[in-house]
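Presented below is the structure to which this report refers.
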Amino acid sequence: MTAPEPGVQCRNVRRTFGKFTALESIDLTAFPGQVTALVGPNGAGKTTLLLILATLLKADSGDVRVGGFDPAKDPRKVREQLGWMPDSFGTYETLTAREILEFVAAVYRVPKDQGRERAEELLTLLFLSDLADRPVHVLSRGQKQRLGLARALVHDPSVVLLDEPAAGLDPRSRIELRTLLRDLAALGKTIIVSSHVLAELEEMADRAVFVDRGRTIGEETIAHLGREQNKQWRLRALDPTELLNALLRLGRDPKPIGDSAEIMLDSDAEAAELIANLVSHGVQLTTCAPVAGALETAYLSFYGNDPAVS
Ligand SMILES: Nc1ncnc2c1ncn2[C@@H]1O[C@H](COP(=O)(O)OP(=O)(O)OP(=O)(O)O)[C@@H](O)[C@H]1O
Ligand SMILES: [Mg+2]
């Protein structure tokens, strides 16, 4: 089976602001049907890259393709298939949510009836129906955020870029966002999402691309990170002393923390083997789980304890 054409591809992308190099060399590939997480500390270059993909900023050099087109050379072609949700919602505050969606649909040349229907659908999908006819300036931050997402989806784009979409959303809206992005990916869309909320990204993303100081420093599937990463695990048993002794007998080096023990393991397979061994040694194990999420562990291994890391 051949790999699908990427929905977004960047090679060696560079962008400077005066003397400051914001993007030094970014490589990124995002495929249709997948959510790709763009991860990195503050100032890493995520928004700059997304602006380039969204045709709002030009790269100094490098190769960029969105839906097969170069955003610098064919911005209109790119915009037709692109949904863009910026990190802050600048809009026509006196218009209502419904008017904004219908206006944006018209800008994308969606026929009027269809635009009206699409606006209605999105208002329902994003739980904005009750607020649809109120001016946007009365909406709360989270409600504006949801409207921003509706606006990005109005012309049914095949590539969707979201910069910190979960910021300002309440827990229920975050869960809904996650489900919505998964549903969009299942429809075959290419989704790129930047966020600092790693636990959340881990649940919605298929792959993560790690950037730091304008460079791509790694990319990995979330499934691989989950299974193959060496990470800290926490174990608990009915009798903590018995657990520690059994771990020592098995040649492990447990760190006692309260009534639990933490150890470093290389993979899920190693954890499974250890659990079986402990149980066969009569340890009444109650918990064995990674201390941190896979993405969080990867993040810390990439960026360490750099104070710039948020
Ligand atoms: N218009 C600009 N002029 C000068 N410098 C800029 C400009 N836009 C971004 N930068 C710089 O480029 C670097 C990357 O910024 P960018 O906004 O892309 O980071 P980010 O990864 O999105 O960070 P955050 O997680 O805080 O949103 C930063 O050091 C920033 O100060
Ligand atoms: Mg940013």
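Please treat every number below as a calculation from the coordinates, not as lab data. Just so it is clear, the structure is predicted and the values come from calculations on it, not from any experiment. Note that we place each Cβ from the backbone using ideal geometry, even for glycine, and neighbour counts take in every protein chain shown.
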Rounded to 10°, Cα long-axis angle of helix 112-125 versus longest principal axis of the chain:
30 degrees
Full-extension gain in nm, residue 182 to residue 277, via 0.36 nm per residue minus C-alpha separation
30.4 nm
Here, the range 8-223 modelled as identical Cα point scatterers in vacuum has Debye log10 I(q)/I(0) at q = 0.07, 0.11, 0.14, 0.16 Å⁻¹ of -0.20, -0.51, -0.83, -1.08
Coil-residue trypsin sites (Lys or Arg not before Pro) of the range 62-110, DSSP, other Cβ within 10 Å capped at 16
73, 109
Do you know the Lys pair count in the range 8-223 for C-alpha distances under 26 Å, with sequence separation 8 or more or different chains?
17
For the range 229-298, with equal point scatterers placed on the C-alpha atoms only and solvent neglected, what are the log10 I(q)/I(0) values from the Debye formula at q = 0.13, 0.16, 0.18 1/Å, to two decimals?
-0.31, -0.48, -0.61
Label-point gap, in nm, between residue 269 and residue 112 - each point 7 angstrom along Cα→Cβ:
6.4 nm
Segment residue 249-residue 124, extension gain: residue separation times 0.36 nm, minus the distance between their alpha carbons:
39.1 nm
If I model a spin label at residue 141 and residue 172 as a point 7 Å from the Cα along the Cα→Cβ vector, what separation in nanometres do I get?
2.0 nm
The range 101-189: C-alpha gyration tensor shape, a/c 1.5 cut-off, then a/b vs b/c:
oblate
Quick check: from the Cα gyration tensor, does the range 162-259 come out rounded (a/c under 1.5), prolate or oblate?
prolate
